Amino acid sequence: MTERKYESGHAPRAFRGAALITLAWLAGCSQIPAYQRPAAPVPQQFVADMPTTDAAALPDWRTYFPDPALHTLIEAALANNRDMRIALARVEEARALAGVARADRFPTLEAQANANRTRTPADLSGVGVARTTSRYDVGLGVTAFELDFWGRVAALNEAARAQYLASD
């Protein structure tokens with residue numbers, strides 16, 4: 001058996017190529033399971049036909065809606081939706097959180113510009129001549145960005161969107 005020594009400690013080109021292909025393949029794999037919408041626990045039709053009455057003599061809602069499941073839903077709605085403004089504020093909050101989660105999928109860019117002008121009088125100058133100097137700076141940079149190899153950011157975005165749609 002002969003032992004191979006690689007120059008300057010580097011692996012052979014074929015190994016490096018295989019490693020790059022493996023990393024590229026792993027980057028395309030998503031670990032997010034496909035979302036399966038659960039069946040809604042709503043009956044296809046009402047349990048009993050509702051009697052028709054005029055608007056002046058409406059009965060109590062508990063007698064008007066005889067279904068116990070509907071009673072539970074109405075009581076939950078009455079208990080949790082005391083004020084329409086609070087409900088609308090919750091929808092707006094969920095919409096804003098969904099927007100923030102969506103923004104995490106894109107790089108954050110930062111741009112800045114600066115101009116500075118300085119005048120040095122002749123009596124303060126080392127050469128005895130008045131001098132005006134100008135300096136202009138422009139900068140552009142990516143301050144934050146996460147490569148989403150395994151779909152974590154996409155899953156957070158989808159969860160925030162689902163939360164918004166549920167609250168809406």
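Readers should treat all values here as calculations from the given coordinates under stated rules, not as data from a laboratory. Just so it is clear, the structure is predicted and the values come from calculations on it, not from any experiment. All Cβ positions, glycine included, derive from the backbone under ideal geometry; neighbour counts span all protein chains shown.
Quick one: length gained pulling residue 147 to residue 36 fully straight, 0.36 nm per residue minus the C-alpha distance?
Numbers: separation 111, 0.36 × 111 = 39.96 nm, distance 2.62 nm.
Taking 0.36 nm per residue and subtracting the Cα distance, the gain is 37.3 nm.
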Seminar exercise, completed: So for the range 68-168, using the alpha carbon gyration tensor with a ≥ b ≥ c as root eigenvalues (a/c under 1.5 gives rounded; past that, a/b versus b/c decides prolate or oblate), I'd call it oblate
Exercise. Say each of residue 96 and residue 23 gets a label point 7 Å from the Cα, pointing the same way as Cα to Cβ; how far apart are those two points in nm?
Worked result: 4.1
For this session: Decide, for the range 118-168, between rounded, prolate and oblate: order the square roots of the alpha carbon gyration tensor eigenvalues as a ≥ b ≥ c, take rounded if a/c falls under 1.5, and otherwise choose prolate if a/b is larger than b/c, else oblate.
Result: prolate
Exercise. Which FRET efficiency value, to the nearest 0.05, is calculated for residue 110 and residue 83 with the Förster distance at 30 angstrom and r the Cβ-Cβ distance?
Worked result: 0.15
